Amino acid sequence: TNLYSNSEYIVGESRSVITYNQAVSPEGVKNAILGLDTTTPGGSQVGPAIITAPSGTSTMVFSIFAKKYNNRYIYLKIDDNPANIGGTVNFSWATFDLEDGVVTSEGTYGSPTNPFNGIEDYGNGWYRCWVGATKKSGVTRTDARVYLVAGPNNPNSNPPSPLTGVNGNYLYGYQCEEGSYPTSYIPTYGSTQTRAAETTTSTFNSSST
């Protein structure tokens, strides 16, 4: 289930400037957004953050497709317990290089359980980037955020913003789901969507001579 209710036409909290349909996404359609930073404080956050996730100790992964516009790096963060329910905020984060296709810095805040991240090349300058962790028991709220960042090395909280008003990246396919890795993209248009389980059927030719 993709817990982002608007995975392509981003609505809600955003401190950057979002323009729709600015590049051809990995779907082969011109439906990727362009996120540009602003010169106001926190102006590098692209899109909304708050997600209501299953309670209990489920593992959550947040993923997004990203491509360089004129800014080389993005930073993803997934928060566990941002509402501070009976404990401290815990989050996992990573910085991704959209030229070389690598994770350039990573870290945690608090004590997230089993933090992880990754990046995969999708061709034509697009990369799928992800971060994740296992939720603490009893916590329901999860935040998943995207930031534009100016360099490869960032602190573990509130990454520095370019704050130029002109720097940005192409983004597509916001997805937050249960699991230890991102599954194939599930588009949403106003509500969360659940896809049937993915299966593989193989036939092997068994013979002897």
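Could you give the dipole magnitude of the stretch 1-133 about its Cα centre, charging the beta-carbon of Lys and Arg +1 and that of Asp and Glu -1, in debye to the nearest 20?
200 debye
With a cut-off of 8 Å between alpha carbons and a minimum separation of six or more residues, what is the relative contact order of the chain in percent?
It rounds to 32 percent for the chain.
Could you work out the relative contact order of the stretch 1-121, using alpha carbon pairs under 8 angstrom and six or more residues apart, expressed as a whole percent?
For the stretch 1-121, the relative contact order is 16 percent.
Once you put a point 7 Å from the Cα of T194 and another 7 Å from the Cα of T40, both along the Cβ direction, what distance in nm separates them?
3.8 nm
For the chain, modelled as a GNM with alpha-carbon contacts under 10 angstrom, which of Y147, Y69, Y172 fluctuates the most?
Greatest mean-square fluctuation among the candidates belongs to Y69.
Whose amide H sits under 5 Å from the amide H of Y122, counting only residues 5 or more places off or on another chain, with H placed in the peptide plane?
Those lying under 5 Å, H to H, from Y122 are Y127, R128.
Would you calculate the separation in nanometres between label points at V17 and Y122, each defined as 7 Å from the Cα along the Cα-to-beta-carbon direction?
2.5 nm
Starting from the Cα of S111, step 7 Å toward the Cβ, then list every residue of the stretch 22-60 with an amide N under 17 Å from that point.
Of the residues in the stretch 22-60, 57 have backbone N under 17 Å from the label point off S111.
State the extension gain, in nm to one decimal, for the chain segment bounded by S184 and V103, taking 0.36 nm per residue of separation less the distance between their alpha-carbons.
Full extension of this stretch gives 27.1 nm more.
Taking R0 as 45 Å, what's the FRET efficiency between N70 and T140 from their Cβ-Cβ distance, rounded to 0.05?
0.75
Pick the calculated semi-axes √(5λ) of the Cα gyration tensor in Å for this structure from (1) 27, 23, 17; (2) 35, 18, 14; (3) 32, 23, 15?
Derived directly from the coordinates: (1).
Given R₀ = 41 Å, FRET efficiency for V29-N153 by Cβ-Cβ distance, to 0.05?
For R0 = 41 Å, the calculated efficiency reads 0.75.
Among V11, V89, V29, which one shows the highest mean-square fluctuation when the chain is modelled as a Gaussian network with alpha-carbon springs under 10 Å?
Its mean-square fluctuation being the largest, the pick is V29.
Taken together, the values in this text are just the output of simple stated rules run on the coordinates, not laboratory data. These numbers come from a predicted model, not from an experiment. Don't worry about glycine lacking a Cβ; one is built from the backbone with ideal geometry, like all the others, and counts go over all protein chains shown.
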